[in-house]
Each structure stands twice: as C-alpha cells, then as structure tokens.
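Student: One structure is given below, represented as structure tokens, and several questions about it will come after.
The values are calculated or read from the model by the stated rules, or taken from the named source; none is laboratory data. Computed from a predicted structure; not experimentally measured. We place every Cβ from the backbone using ideal geometry, glycine too, and count neighbours over all the protein chains shown. Protein only, heavy atoms only, side chains kept; ligands, DNA and RNA dropped before computing areas. Shrake-Rupley method; radii C 1.70, N 1.55, O 1.52, S 1.80 Å.
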Amino acid sequence: MITVIAGTNRNNSYTKAVADICCNYMNSQNIENQLLDLSTLPTNIFHGNIYWNTPKEFEPFQEKILNCDGILTVLPEYNGSFPGALKFFIDLLKFPESLHEKPSAFVGVAAGYFGALRAIEQLEMVFQYREAHIFGKRVMFPKVQDKMTEDKLNITDNKLKSKLEKMLIEFNHFSHYHKSLTN
Ligand SMILES: Cc1cc2nc3c(=O)[nH]c(=O)nc-3n(C[C@H](O)[C@H](O)[C@H](O)COP(=O)(O)O)c2cc1C
C-alpha cells in the first residue's frame with residue numbers, strides 16, 4: 001500500500017490535482033494506494049494542546065501513515081520551502097514508528113521555475129532525521145500551471161508525464177523491496 005500525501009491544505013490546489021493523477025495512474029497499474037489529503041484535516045487539531053494528544057478525528061490520518069509500505073508526498077513550494085501545514089501534520093504523527101525506515105518519495109509542484117526543488121530538499125531533511133528510506137528519484141513540476149489541462153485532470157507535458165509514471169512504478173518496487181527485507 002502506497003500512501004499519497006497531498007501536501008497542502010490549500011483548497012483546489014495543483015498539489016491535490018497531481019496527487020489525484022498519481023493515485024489514478026497507480027490504480028491503472030493495480031498498485032494499491034490511498035490518498036491522504038491535508039485539506040481534509042480536522043480543524044480541531046489547530047491548537048496548542050494537540051501534541052501527543054490528538055483527537056479521534058486524526059486517527060484515520062495517522063493510520064494511513066502506519067499501515068502503508070511507502071509514502072509518496074506531493075508538495076508545493078511556499079516561500080521557498082514546503083507548507084507549514086505539512087510540517088504541522090508531521091509533528092502530530094506518532095514517533096518514531098510513523099516514518100522510521102519508511103520508503104519515501106517526493107513530487108514537487110510550483111508556479112516558479114524551480115519546481116519546488118528547495119521544498120523537496122528541505123522536506124527530505126525532515127524525513128532523514130526521522131530515519132525514513134529516501135527514494136533517489138524525484139519528479140518536479142516547474143511552472144505547473146503550464147503543464148496541466150485547465151481542469152487540472154491531466155498532464156499536458158508528455159515527457160514529464162512519462163517520468164512521473166516511471167517513478168511511481170519504481171517507487172512501488174522500492175517500497176516492496178524494503179518490505180521484503182523487514183518481514
Ligand atoms: C503561501 C504561498 C507561498 C508561495 N510561495 C511560492 C514560492 O516560494 N515559490 C514558487 O515557485 N511558488 C510559490 N507559490 C505558488 C505555488 O507554487 C503555486 O500556488 C502552485 O500552484 C503550487 O501550489 P498549490 O498546490 O497550492 O496550487 C506560493 C503559493 C502560496 C499559496
């Protein structure tokens with residue numbers, strides 16, 4: 001099972017659109033997957049007494065991280081980094097079991113020319129701190145608005161689309177290889 005995190009809580013984001021495309025492609029390849037959409041996080045988590053004391057509404061989100069064999073995070077670049085909502089989500093996850101030795105891959109989405117490379121590299125540092133197994137290949141969508149159809153349902157850049165699909169297949173193999181080592 002691959003969990004695909006749509007890594008922003010912004011409504012109607014390109015990040016969510018790319019995350020949906022990843023899930024749809026994996027479905028077409030019979031790769032088990034589930035979406036974890038940060039825009040659907042319960043609003044009662046946003047207060048200061050939440051750490052190590054998450055409400056039951058958070059449990060399905062936590063469960064999608066614990067029960068998967070790999071995490072694919074699709075993330076946008078916000079102010080030269082990844083969204084605060086994504087870091088907050090990670091800070092609420094159980095430690096260390098949530099990310100420890102978890103195969104993890106990243107897809108970057110940005111309006112700018114750098115395709116969220118900075119955001120990916122910063123997020124990889126967090127995952128590395130939590131001893132995740134980082135998958136070496138990343139896919140980036142610079143100027144994302146020029147690479148998708150207006151309804152955000154499809155990628156118009158065929159080279160990028162093939163690169164993403166190849167990465168998804170390889171990441172699934174990587175995740176299952178790690179699973180076979182630990183079982
Ligand atoms: C708070 C905020 C900060 C942003 N900062 C950057 C940035 O530093 N670099 C960039 O290329 N785009 C930046 N953007 C634009 C996003 O890359 C753009 O919205 C793109 O569609 C991906 O984000 P989305 O998934 O929210 O749609 C920012 C957007 C928001 C909402």
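Student: Just give me the residues in the stretch 19-74 being among the charged types (D, E, K, R) and open to solvent by less than 70 Å² (accessible area, probe 1.4 Å), in sequence order.
Tutor: ASP20, ASP37, LYS64, ASP69
Student: Sticking with this structure for a sec: Suppose the filter is open to solvent by 70 Å² or more (accessible area, probe 1.4 Å), under 30 Å from TYR51 (Cβ atoms), more than 10 Å from the ligand (Cβ to nearest atom) and outside any helix (DSSP H, G or I); does GLU150 pass it?
Tutor: no
Student: Quick check on the stretch 42-89: of everything there that is part of a strand (DSSP E or B) and within 16 Å of the ligand (Cβ to nearest atom), which residue is nearest to VAL107 (Cα to Cα)?
Tutor: Applying the filter and picking the extreme gives VAL74.
Student: Moving to a separate point now. Give the stretch 1-36 a look and list any residue that's more than 16 Å from the ligand (Cβ to nearest atom) and part of a loop (DSSP other than H, G, I, E, B), or say none.
Tutor: MET1, GLN29, ASN30, ILE31, GLU32
Student: Also, quick follow-up: Under 7 Å by Cβ, and 6 or more places apart or on different chains, what pairs join a residue from the stretch 1-30 that is basic (Lys, Arg) with one that is open to solvent by 10 Å² or more (accessible area, probe 1.4 Å)?
Tutor: Going by the 7 Å Cβ cut-off, the qualifying pairs are ARG10/SER39; LYS16/ASP37; LYS16/SER39.
Student: Out of (1) touching a residue at least 40 places away in the same chain (Cβ under 8 Å); (2) open to solvent by 30 Å² or more (accessible area, probe 1.4 Å), what's the single condition that is false for ILE134?
Tutor: The number of the failed condition is (1).
Student: Now a separate question. Among the listed residues PHE141, PHE127, which satisfies the condition of being within 14 Å of the ligand (Cβ to nearest atom), open to solvent by less than 70 Å² (accessible area, probe 1.4 Å), in contact with a strand residue (DSSP E or B) (Cβ under 6 Å, 6 or more places away or on another chain) and touching a residue at least 24 places away in the same chain (Cβ under 8 Å)?
Tutor: PHE141
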